[in-house]
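Here's the structure we're looking at; comments come further down.
The values are calculated or read from the model by the stated rules, or taken from the named source; none is laboratory data. This one's a predicted model, so the numbers in the text were calculated from it and none came from an experiment. Every residue, glycine as well, gets a Cβ built from its backbone with ideal geometry; the counts of neighbours run over all protein chains shown. Keep in mind that these areas ignore ligands, DNA and RNA; they rest on the heavy atoms of the full protein, side chains included. Shrake-Rupley method; radii C 1.70, N 1.55, O 1.52, S 1.80 Å.
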Amino acid sequence: MNANGITAAVGEPRPRVEGRLKVTGSAAYVADVPMPDLAHGWMVTATVSRGRIRDIDATDALAMPGVLGVLDHRNARRLNPDAAHHFGPDRGLPMLQDDAVPYAGRPIALVVARTPEQARAAASALRVTYDAEPHDTEFSMNHPAARPASTLFGPEADTGDLEAELAVSTVVVDEVYRTPEENHSAMEPHVATAWWEDGHLYALDSNQGPFSISQVMAMLFFIDRDRVHIRAEHVGGGFGAKTICGAQIILAAMAAEHFRRPVRVALTRRQVFLAIGSRPPTEQRVRIGAGADGRLRAVHHHAAFALSPLAEYIEWCTEQARTLYAAPAIRTELSAVPLDRLPPCTMRGPGATPGSFAFESAVDEVAERLRIDPLRLRLLNQPAASPVSGRPWSTRRLITCLEEGARRFGWAQRDPRPRLRREGNLLVGTGVAAAAFVAGVFPASATIAAETDGTFSVRVGASDIGTGARTALIAVAADALGVSTERIRLHIGDSDLGPNPGAGGSRGTTSCAFAVTEAAKALREKLDDPARPVTVTVDTTPLINWRPAEERNTYSAVFAEVTVDPATGEVRVRRLLGMFAVGRVINPLLARSQLIGGMIGGLSMALHEESVRDPITGRLVTADFAGYHISAHADVPNVEADFVADYEPQDPSGFNGLGEIGNAGVAAAIANAVWHATGTRHRTLPISLGRVVETAAPRDRQEAISAV
Amino acid sequence: MTDDTRSDISLRVNDATYQLAVDNRRTLLDALRDDLSLTGTKKGCDHGQCGACTVLLDGDRVVSCLTLAVVADGADVTTIEGLAGGGELRPIQEAFIRLDGFQCGFCTPGQICSAVGMLAEHAAGWPSAVTRDDSPERTPELSEEEVRERMSGNLCRCGAYPSIVRAILETSVREAVSK
Amino acid sequence: MREFAYQRTTQIRDALSSVARHDGARFLAGGTNLVDLMKAGVESPARLVDIRSLALGGISESPDGGLVLGATATNSAVAADPLVRRRYPALSQAILAGASGQLRNMATVGGNLLQRTRCAYFADPSEPCNKRAPGSGCSALGGAHHNHAILGWTEHCVATHPSDMAVPLTAFDAVVRYETLDGPGEVPLSEFYLPVGDRPDRETALPDRALITAVVVPAAEVAGKSRYRKVRERASYAFATVSVAAALDVQDGVVRDVRLALGGVASRPWRARLAESALRGGPVTAERISAAADLEVAAAEPLRDNGYKVTLARNLIEAVLTDLAASSGAASGGAAGNGAAGAGEESDG
């Protein structure tokens, strides 16, 4: 309770402020907002993996009822070829500019009609012919085009004498791990409604950061950023797929200009799969050497991922190797393999999630070969400071996560030998994995106005894609202003609200909370000023310490119990427990939900998810929810997530983001549990039926029948 | 082109009757959203593969994306907007809020409509794929496993499944007690 | 989706003559597959004749103790029907293992039998596919065919039939009844689906523009002890990788009758007659079950990337039969006789 007798809101488990809207169907997502005189654009995508468009014959399409026109490279307006996004120039952004087809699924035309049905019918009447060229979509880390990845995130690690340490190690694990291309599959397909007015572009767009999208759109359309106004009040999930400036808004803006009326482009689910970037496939070689005492001596993690030559991208898989354990020699390498594929896009727990599957599986293999309990091995190698930079940790409660998780999970009773636990026809196993995810803040601005009615209008360009940012920031603002949450009027999801990083990198809420806290501080100093309303704006850019003395991460320990039917290959996760160190928690109810959701994403990745490309054409074959399986209700047990007491000293309020850490670590924990159940190590995800089913008939079934 | 590609239909939605002239291609989902401005029902895949568009059609849960509007002519439709009569939330809606049975909220209307339909199916004694004693004499107990199986047609990518199941079970127990 | 006319009919005769009169007319029932394929551009009927108002939704007992499932009875209604659950538990289980609650409330018996393959190449008009565009080639043969056929395929098509319901119906010797303008007819389900041959676009023996009116399931005592087991890439709401419908009647340790069919392995539900013959009339032992399973899959010809389905099919046959044998053993060891002796003998000719 503060001096005014108001209970602190931060730390309280409060339901979502928009809960009532969401359970009554009244929350307005982009496609729910009506628009007079709206036309509908239907995107058409390339069906070859590489080549040139020979012709687009729109004769039939243009003659169909309701059709307003077709946009393609021959009549579309010019866009800025040098527009850039997260990782620098992105040649994929300018669409409909030429006849080149750089990947299958590339948007090549937009059919615009009065109704969506008319637009769809006309789109299927468009006759597109290609001059196909040989393509290369087959990913491997040994691909001749493999090159060092961008070092935008800093140099890779290289400490100690790796080969010498490996040479004196008692055991050396040297294995290759693979994760497939994966799709975010947010339930709301990408959609935008755009219109122009007096040289200003307005758009409702399902994205994770209206401000950054407005920057890209301004560049693309050669206009000032303050002439671009993008809103995204409610967003139906993102998981990274809506951090990009998607085809839907680019095409909607082009068409709205061309046809001089508002245009909505709603991608179909299939188009989201085909034209919105996904997590790239990875191939990762991990070498770990350890002494008989269980001390790691050498860690070498070389990860490769696929990308497109159109844009730079980083799937930073090597983070775990440089953070989780102490070792005298640590080397990480990251390779990028440019292919004729859809440009990738960060997906929940980027880098860390596929990276931790490889690295924490390898660590488990070290424990297996040393016959050491894998939990003990992990505890044994905890570093006092960063094993690569030598810098101290700002806070690191990983040991507590591992120990407390082990206690709750009942780890002490576990027999470490594989394939011993049976229940009827099922094999049962348990596994553990640790994970870290780099934390921090990005610059953000917030404006707070003390209104004459005693309320406070808080304006911050945050996105709530289901993270709970709206609810969390109200709590943060209330506490910072020393008032009850009822007096806070929060406005988010609008590029006009000032610079903001959006929801991404586990930094959205933390960055916005920082700005809100600082703005509140500044406002309180002015509140004696008799004139109301009083307004202050704070941008945190100058307040951020870009070179902190300590390394800042969030941490998790994940424990999984699985059952495996070796006769059918069916793997089911029976228990899943995550212990998390994520700084001070703003709202435990929502934070727990977000972490559990991340863990379920990890479960889904471990067992089901795989984008499959045709080996001959390179085209995506699994472009729907019948082909691309994400976990359904029946796959998901009672997942448990909890926090250890933690406080982030680098943040003025002790916060850290937790959007990604829920994902990372889960796939490895499950894979390790499957090994414990079956004795077979699965180094390729997903752990699907065909990889698990065993030829030998299970003895238990034979015993059952002989009892008849 | 010709008039027989359009139809005049009558839909009774959330206790109000609407007369509509629809393109025969229009799905019930699009008619609800675009013609009646009932945008609570969501389009997640448009192919019956996600359940976000679930509504109750003459009391049964169906996917409105694969139901043509013209096929629903004369039918009684309940959407998420019709569940909270008179502004009062149903216990299931209240439980979704309190137990945090959603994050982004996009699949939520479908989950809730599906849950309402599913509870009625269960009350009618229908078995599910995980009902062990599937003899018709017994109504299966609504366990967590039963709810999960029966709700599997509603995907949630945020991973709110555990709290959705909790909200449904809590509601079913409360409704059973209140009867 | 191209524009189409729509009409609702209440008389079978009207429905038949409308489809006969209009080129490109199709019957519409639950629409879960047809509307889906229309959106994908795979189907483009000029007219839909809605048959759900026809009096074909009933589920009734036939005079011989079998069942008559009306063509427009929903999957949900069939699965929940007490007679189905008591006499043909595998049929109820198979339906419940398919799709979702919402889709089962829409889908019908007739539509279920006529649903098209879920091969991704079939569903994508920009891909060659002999089933959709005869003569264009089979993309799956050398493409992504992880979940395609291992039995009965030809180089013209390697797609599988997606139905769960049809698998136990095949095992139970169901018969499809239909109406045409020239009168009624029927075809056993075992002959309903045509072999793939070189025309995978020709899928069924149903006469052109005929309307399925019912599926008749003959009485069979063995069906009362039946089970359906489906394996797929997630726990629910996914098409089968491999499924097995099995029924086993064991008296005094000897197999009196056995029925076995597989789903997910061929262009049609695969009646496992080799395994049935190997088991029928002999003692039920682990070795014989194992040998029967081996025998049935010996003819399998896996594609480059789906060899695991052979193992899976073999193991699943073994697992389901073993479970049935174990439970029938337990039953006869308990309440002796089980009130079934002597009734409803089935010849296995």
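Quick notes on this one:
- When the convex hull of its Cα atoms is viewed from all sides, the stretch A:268-361 shows a mean projected area of 6.5 nm².
- Alpha-carbon Debye profile of the stretch A:17-65, log10 I(q)/I(0) at 0.22, 0.26 Å⁻¹: -0.95, -1.08
- Close amide H contacts of A:R574 (hydrogens built in the peptide plane, cut-off under 5 Å, sequence separation of 5 or more or a different chain): A:E561, A:V562, A:T563.
- Computed on chain C, with alpha-carbon pairs under 8 angstrom and 6+ residues apart, the relative contact order is 16 percent.
- Hz values of 3J(HN,Hα) by residue in the stretch A:332-341 - Karplus curve (6.51, -1.76, 1.60), Gly and Pro given as x: 10, 9, 10, 10, 10, 10, x, 9, 7, 10
- Residue pairs exceeding 30 angstrom between C-alpha atoms, taken from A:K242/B:K42; C:K131/C:K309; A:K22/A:K242; C:K131/C:K230; B:K42/C:K131; A:K242/C:K39: B:K42/C:K131.
- Calculated log₁₀ intensity ratio I(q)/I(0) where the Debye formula runs over C-alpha points of chain C, q = 0.09, 0.13 Å⁻¹: -0.48, -1.00
- Relative contact order %, the stretch B:3-82, counting alpha carbon pairs below 8 Å whose residues are six or more apart: 36
- When its C-alpha radius of gyration is set against 2.2 N^0.38 Å (N residues), the stretch C:1-52 gives a value of 1.07.
- Debye log10 I(q)/I(0) for the stretch A:430-525, one point scatterer per Cα, at q = 0.11, 0.26 Å⁻¹: -0.33, -1.38
- Between the helical axis of B:108-123 and the longest alpha-carbon principal axis of chain B there is an angle of about 60 degrees.
- Rg/Rg_globular for the stretch A:191-281, with Rg_globular taken as 2.2 N^0.38 Å and Rg from C-alpha atoms: 1.03
- Whole-Hz couplings from phi, Karplus 6.51/-1.76/1.60, listed for the stretch A:621-638; x for Gly and Pro: 9, 9, 9, 7, 7, 8, x, 9, 8, 10, 4, 9, 2, 5, 7, 10, x, 6
- The stretch B:85-179: C-alpha pair distances exceeding 22 Å, %: 26
- What the Kirkwood sum gives for the stretch C:222-333 is a hydrodynamic radius of 14.1 Å, with every pair of different alpha carbons counted.
- Calculated P(r) of the stretch C:178-274 - Cα pairs past 16 Å, %: 69
- Residue (of A:P533, A:A9, A:I288) at the positive-pole extreme of the protein assembly as shown, dipole from beta-carbon charges: A:I288
- Simple spin-label estimate for A:Q382 and A:K526 gives 4.6 nm between the two label positions (7 Å along the Cα-to-Cβ direction from each Cα).
- Overall dimensions of chain B as given by Cα atoms, namely Rg and Dmax in Å: 17.0, 57
- Amide hydrogen proximity for C:A174: with H placed 1.01 Å from N in the peptide plane, the residues at 5 or more positions away or on another chain lying under 5 Å are C:L189.
- P(r), alpha carbons of the protein assembly as shown - 10 Å bins starting at zero, rounded %: 2, 9, 18, 23, 22, 15, 8, 3, 1, 0, 0
- Taking GluC sites (Glu not before Pro) as exposed when their DSSP state is a loop state and no more than 15 other Cβ atoms lie within 10 Å, the longest site-free interval of chain B runs over B:1-87.
- Separation in nanometres of the label points that stand 7 Å from Cα toward Cβ, at A:D453 and A:D131: 6.6
- DSSP-assigned coil residues among trypsin sites (Lys or Arg not before Pro) in the stretch A:1-90, each with at most 16 further Cβ atoms within 10 Å: A:R74, A:R77, A:R78
- Compactness of the stretch B:44-120 as Cα Rg over 2.2 N^0.38 Å, two decimals: 1.10
- GNM on chain C, alpha-carbon springs under 10 angstrom: the most fluctuating residue among C:H148, C:H22, C:H156 is C:H22.
- Pairs of Cα atoms nearer than 8 Å and 6+ residues apart set the relative contact order; for chain A it is 17 percent.
- For the stretch B:3-82, the average shadow cast by the Cα convex hull is 4.5 nm², which is a quarter of the hull's surface.
- nm² value of the averaged projected area, convex hull over the Cα atoms of chain A: 33.9
- From phi via Karplus (6.51, -1.76, 1.60), per-residue ³J(HN,Hα) for the stretch B:3-13 in Hz, x at Gly/Pro: 5, 6, 8, 10, 9, 8, 10, 10, 10, 9, 10
- Cα-based Rg and Dmax for the stretch A:1-156, where Dmax is the largest Cα-Cα distance (Å): 23.7, 74
- Between 0 and 90 degrees, the angle of helix C:12-21 with respect to the longest Cα principal axis of chain C falls at about 50 degrees.
- Theoretical FRET efficiency, 1/(1+(r/R0)^6), r = Cβ-Cβ of A:R74 and A:I223, R0 25 Å, to 0.05: 0.60
- Share, in percent, of DSSP beta bridges within the stretch B:11-170 that are antiparallel, nearest 5: 85
- With all protein chains in place and a 1.4 Å probe, the accessible surface of the protein assembly as shown carries 50 percent carbon and sulfur.
- Amide H within-cut-off set for C:D257, under 5 Å, with H built and near neighbours excluded: C:D249
- Alpha-carbon spread of the stretch A:490-626, three principal axes, descending order, Å: 77, 39, 32
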